[in-house]
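To start, the structure itself, in structure tokens.
The values are calculated or read from the model by the stated rules, or taken from the named source; none is laboratory data. As the structure is a computational prediction, the values presented were derived from the model and not from experiment. Note that we place each Cβ from the backbone using ideal geometry, even for glycine, and neighbour counts take in every protein chain shown.
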Amino acid sequence: MSSDGHGDSTRDPFPSRHIVGMQHWVKHGEVKVYLWEKYQADPFGKPVVVLAHGSATAGRESFDLQVKDKPSYSLMDYLATEGFDVFAPDIRGFGRSTHPEGHMNTEDACNDLNAVVDYITNLRGIQKAHLLAWSWGTQYGGMFVTSHPGKVARYISYAQMHVNSPDIVNRRLKIEIFRKNPYITIPEQGWKPRFYSMTPDSANDAEVVDAFAQAAAQVETRIPTGPQLDMVTIMPMIHARLMTVPAMIVHGEYDDVADLDGLFPFFKQLPNPDKRYVVIPQAGHMMHLQKSHKRFQYEVCSFLKAELR
């Protein structure tokens, strides 16, 4: 694996915070993975958090959304101000990374994440990184945790789907579309319904929904269907008893992917006693970009910092 990184300037809405954005490229095999980093002032000597995105949008758009006059919606900026060095990759097929011909799959994504973590630990001279995975990210992120527990300090699984999730049941109806088309295109308006599925309108900020749709449409010009195909054909892809690291399961009250009935049995099987299960009220699948995002951020930071106390 060969890697290279260089700076990419970004404007912090609060200059006194000195948040820096840096882009990197991680190469392994024929794949080139884009990696976006945020930190405050100096990246060295800080705990590292890696953010694994879902099946629709790449890392930077998912976790570093910049909304005019509403800077709190960037999870990366929040974690940077809390003293973390934060990284968000674009898995192959997404965003700025290599778009392979044909279907990519969840195992491919796990391999990309492994290469990214190796790059980061070498770059920062550390042994382990924290991992937060969202939606389909909990599948390739979970695979990574079970395969490489020695590389993970603490793991947060956010909006983890299960076999009978309402959203997964609906996706099964599109299985032939996924099989025939390695990529699909989503128009700008098509990015908005994800905020409202089983979630009250009152949980959302229309300006944030618009900003996300605009950012996603600009970057995600074609979306790989391999993740969708895996989610409707080979789940369960992860097994709780193999996750030996400290872990937190978190989802929103109205999430159509994650719910208590489907996930609490998984949580009970996690072998490490250092674990938490958190349900965020008035929140859905897009919790980190909904009005409840500050509560979510607090829970994430609290769990990650528990190791430091």
Number of the condition not met by Glu30 [criteria: (1) farther than 19 Å from Val116 by Cβ; (2) touching a residue at least 24 places away in the same chain (Cβ under 8 Å); (3) not hydrophobic (A, V, I, L, M, F, W, C)]: (1)
Count - residues of the stretch 106-137 that are crowded, with 19+ Cβ neighbours inside 10 Å, in a loop (DSSP other than H, G, I, E, B) and out of contact with any strand residue (DSSP E or B) (no Cβ under 8 Å at 6 or more places or on another chain): 1
Residues of the stretch 207-230 that turn out to be in contact (Cβ under 8 Å) with a residue 60 or more places away in the chain, in a loop (DSSP other than H, G, I, E, B) and either of a type in the set (A, V, I, L, M, F, W, C) or surrounded by fewer than 18 Cβ atoms within 10 Å (Cβ to Cβ) (or both), as a count: 1
Test: Thr233 is farther than 30 Å from Lys68 by Cα, among the β-branched types (Val, Ile, Thr) and exposed (fewer than 14 other Cβ atoms within 10 Å of the Cβ): yes
In the stretch 246-290, residue surrounded by the most Cβ atoms within 10 Å (Cβ to Cβ) [restricted to those that are within 23 Å of Thr199 (Cα to Cα) and of a type in the set (S, T, N, Q)]: Gln290
Out of Thr146, Thr185, sole residue that is among the hydroxyl-bearing types (Ser, Thr, Tyr) and under 26 Å from Met248 (Cβ atoms): Thr146
Residues (touching a Cys at 6+ places or on another chain (Cβ under 6 Å) and free of Cβ contacts under 8 Å to residues at least 24 places away in the same chain) located in the stretch 138-195: none
Every pair of residues 6+ apart whose Cβ atoms lie under 8 Å, when the first sits in the stretch 269-282 and is within 18 Å of Lys305 (Cβ to Cβ) while the second is modelled with pLDDT under 95: Asp274/Ala306
Matching option when the condition is over 30 Å from Asn181 (Cα atoms), of a type in the set (Gly, Ala, Ser) and out of contact with any Pro (no Cβ under 9 Å at 6 or more places or on another chain), among Ser157, Ser72, Ser62: Ser72
Residue, farthest from His130 (Cα to Cα), within the stretch 231-243, restricted to residues that are part of a helix (DSSP H, G or I) and touching a Phe, Trp or Tyr at 6+ places or on another chain (Cβ under 8 Å): Val232
